[in-house]
Each structure stands twice: as C-alpha cells, then as structure tokens.
Amino acid sequence: MFAKLAGKAFKHSLWIYHCNSGACNGCDIEILNVLTPFYDVERFGMKLVGSPRHADVMLISGAVTRPTLPLVKKAYEAMPEPKLVFAVGSCGVGGGCWFDTYNVTGGASKAVPVDYYIPGCPPRPEAIIYGVALALGLVEKQASPIEMKQVEFPIDVYERNKAWEERNVIYKLLDD
Amino acid sequence: MVLKPGVVTLPYPFEPRPVPETFRGQPHWDHNKCIGCGGCAAHCSARTIFIRDVCQEVRVLLYDSSRCTYCGRCADVCPEDAIVMSNEFEMATEATEDLTERLELFMLTCQRCGRCFDMEVSNQLDKLGPHGFRYDNLEHRIVTNRFADQHDPDALKETETYERPSKVED
C-alpha cells in the first residue's frame, strides 16, 4: 500500500527531515554519508531539509528518549500529509540495548507510526538507500520471517522404547 | 584540471554492492547443528533471543532482529558453531515480523526417568530472575506490529506514564 502511495505521491522528490531522538550519532553519520557524491541519493531527488514543515520523510534515528518524546511527536505533527516515517538503526527500530531502560520509550514505533524499518547498528549507507528505494518501489523486499524445525528426531523413538522395555524386564521379574 | 575524469557515484540499488569480509550482518541459525543450550540467549546484550520450552522435548528459540546490534557475540559463544553472521544487510521492511527467526528444537530427555530435563519453571534463565535478569517470554510478548494505518493511540498513551520496570520477584 505504501509502495503504491509512495510511487504516486513521492514520484519526483523526497525531502528528508533527519530527526535524532537520542542516537549515538552513528546512524546520523551514515545518513549524512548517503548524501555524499559517492552514494549520492540526490539522483532520486532527495534532499535534507532543516524543518519538518518542508519535509515528506522523517528519518528517526535513536531510541526515543523521554526528553525527546514530546519533541518527536511535535515534529511528526508538523509534517504535512502525506508523510513517511523511517526508523533507522536498531535503536530506532526496536530500542537497541536500551529497549526497557527507565529513560527510553523503546523505539520510534512507540512514539509515532513508523512505515519502514531499517535495521543495522549502524545500517550501512547502502542499507539506508535500499530502504528508501524500497519505499519508492525500485527494489523488492528481501527480508522475510524464517522458521526452521528439526523434523527428524535425533534418537530413534522405536529403539528407545525397545531399550526402555528391555531395561524394565528386571522390575517385571521382581514383581513376579 | 582533471587528468582522469570519471564517475564516482555507485549505481547501488540497481547493481549489487559486496560487503567487506569482516562485515557482520543478519545472524542465521543452523537448526541441524543447534543443541539448544541457550548460550546465545544468555549472552545477547539486547536480549533479542528468547528461549522457551513448550513441552518436555521441544524447545523454541525465537530471534527478533529488530533491536539486534549485530555484535556477533552469539556466534562467538556458540559451542557448535551453529550461528553464522551472514553478509545480508538489505533488511529494510514494513513490518518487524520479517526480521524474526524461529527454531523448533528437539531436546533429549533422561533415558532412565523420561524427564529430568528441567522444565521452564526451573529454567536456568528463570533462576536468574531474582538477580535482576529479565527476559521477554513468548506468551506475554507483544509483537510490535504497527503500520501507520494500524497505529493505535492507546499504545502511545502508555508511554506517557512510562516507569522503570521493577525487578522480577521470585
């Protein structure tokens, strides 16, 4: 749904507001790295803006700390519709190591509705480009939940039951 | 004056970009090698790995990479080398459920009495509870699945009166 919406609404340019809500600056450096000529997201028309009122996209880095929680909400409300929110880095996605500490709300999704998650500590600049390209519909999603089971029982149940019966013969003899 | 003009920009999203050799990406479990010792769960700094015994012989390992810092500690402590830090970094999703990995492992029981293997009440992780070690359990865990259109304001209100979680009483 958001890929469609993003494809229509954000076809020509995305103006990005970069919101640091208590990050260690690792993610911030990678976000700025994305704007350098080497990675150059300006070929997609992206640009950092200083005010959330000009922005289409908010990149939240950092587990939202308690002092920054009202400010993050205020910045989110100041953005004009339609808006996209990206949580960048493991702190923004799920709170990082500080997910349950006293001064942290535990991830950007606890403060504002988040549309896309970019995990990594910090995410590679390519991972951030990939996340934004995913929102624009340029690439396909690769992540999917993995479920694995040990289908074969390590010990043969039949053999084990047989051994169990053989071992109990002595008790049967004693009963008699 | 430029002697060798050229383009430095990577054509990244359209062409793959290899990672350096020492890169640590998404960890992957080998369910054939895993013995279910729970060493990774005990050492995980962000507590992203949950272990729960659903019955006497089946143990569930759930890995939630949403807050994983990719420190590689789990791969270091694994005695069977069942965890491999892959070089996947293109993990951006719309839902955090895509970042989970779930293993169901068969556990051996005592051949004499048939049980002997500690159930979850006397689990080693539970014994650490009185010492302040807490972990999420599968039953009470709320999977943070908040799309923008599914966002409920009630969950948001909970954060306003956020308190430090108290120590678990035994």
Cβ-Cβ under 6 Å pairs, at least 6 apart or on other chains, the stretch A:87-103 side more than 10 Å from A:Ile118 (Cα to Cα), far side of a type in the set (S, T, N, Q): A:Gly94/B:Ser66; A:Gly96/A:Ser90; A:Cys97/B:Ser45; A:Asn103/A:Thr65
All positions within the stretch B:9-23 that are at the interface with chain A (Cβ under 10 Å from one of its Cβ atoms) and of a type in the set (Ser, Thr, Tyr): B:Thr9, B:Tyr12
Filtered residue count, the stretch B:24-58, keeping only those that are within 10 Å of chain A (Cβ to nearest Cβ) and over 12 Å from the mean Cα position of the chain (by Cα): 10
Residues located in the stretch A:104-114, provided they are surrounded by 24 or more Cβ atoms within 10 Å (Cβ to Cβ), free of Cβ contacts under 8 Å to residues at least 60 places away in the same chain and assigned to a loop (DSSP other than H, G, I, E, B): A:Thr105, A:Gly107, A:Val112, A:Val114
Strands (runs of 3 or more DSSP E) completely within the stretch B:1-71 that count 1 or more residues being among the β-branched types (Val, Ile, Thr) and under 30 Å from A:Gly107 (Cα atoms): B:49-53, B:58-64
Checklist (1) more than 8 Å from every other protein chain (Cβ to nearest Cβ); (2) more than 22 Å from A:Pro123 (Cα to Cα) applied to B:Cys74, failing item: (2)
Residue satisfying condition, being facing chain B (nearest Cβ under 8 Å) and not hydroxyl-bearing (Ser, Thr, Tyr), within set A:Arg53, A:Arg43: A:Arg43
Some residue of the stretch B:1-8 being under 30 Å from A:Ser61 (Cα atoms) and touching a helix residue (DSSP H, G or I) at 6+ places or on another chain (Cβ under 9 Å): no
Which listed residue, of A:Met1, A:Met46, is more than 28 Å from B:Asp64 (Cα to Cα) and either at pLDDT below 90 or among the hydroxyl-bearing types (Ser, Thr, Tyr) (or both): A:Met46
Of residues in the stretch B:93-126 being at pLDDT 60 or above and touching a Cys at 6+ places or on another chain (Cβ under 9 Å), the one nearest to B:Val58 (Cα to Cα): B:Leu105
B:Ala92 hydrophobic (A, V, I, L, M, F, W, C), buried (at least 23 other Cβ atoms within 10 Å of the Cβ) and either in contact (Cβ under 8 Å) with a residue 40 or more places away in the chain or within 7 Å of chain A (Cβ to nearest Cβ) (or both): yes
Criterion violated by B:Val84 - all others in (1) farther than 18 Å from B:Val19 by Cβ; (2) more than 7 Å from chain A (Cβ to nearest Cβ); (3) in a strand (DSSP E or B) satisfied: (1)
Of all residues in the stretch A:118-153 being of a type in the set (Asp, Glu) and out of contact with any Phe, Trp or Tyr (no Cβ under 6 Å at 6 or more places or on another chain), the one that is nearest to the other protein chains (Cβ to nearest Cβ): A:Glu147
In the stretch A:86-102, the residues that are within 8 Å of chain B (Cβ to nearest Cβ) and buried (at least 24 other Cβ atoms within 10 Å of the Cβ): A:Ser90, A:Cys91, A:Val93, A:Gly94, A:Gly95, A:Gly96
Residues that are surrounded by fewer than 20 Cβ atoms within 10 Å (Cβ to Cβ), free of Cβ contacts under 8 Å to residues at least 40 places away in the same chain and within 25 Å of A:Pro122 (Cα to Cα), drawn from the stretch B:19-55: B:Pro20, B:Glu21, B:Thr22, B:His43, B:Ser45
Residue selected from the stretch A:62-85 under the condition free of Cβ contacts under 8 Å to residues at least 60 places away in the same chain and assigned to a strand (DSSP E or B), by the criterion nearest to the other protein chains (Cβ to nearest Cβ): A:Val85
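The values are calculated or read from the model by the stated rules, or taken from the named source; none is laboratory data. Everything numeric here is computed off the predicted structure, so don't read it as measured data. When we count neighbours, we look across all protein chains shown, and the Cβ atoms used for this are built from the backbone with ideal geometry, even at glycine.
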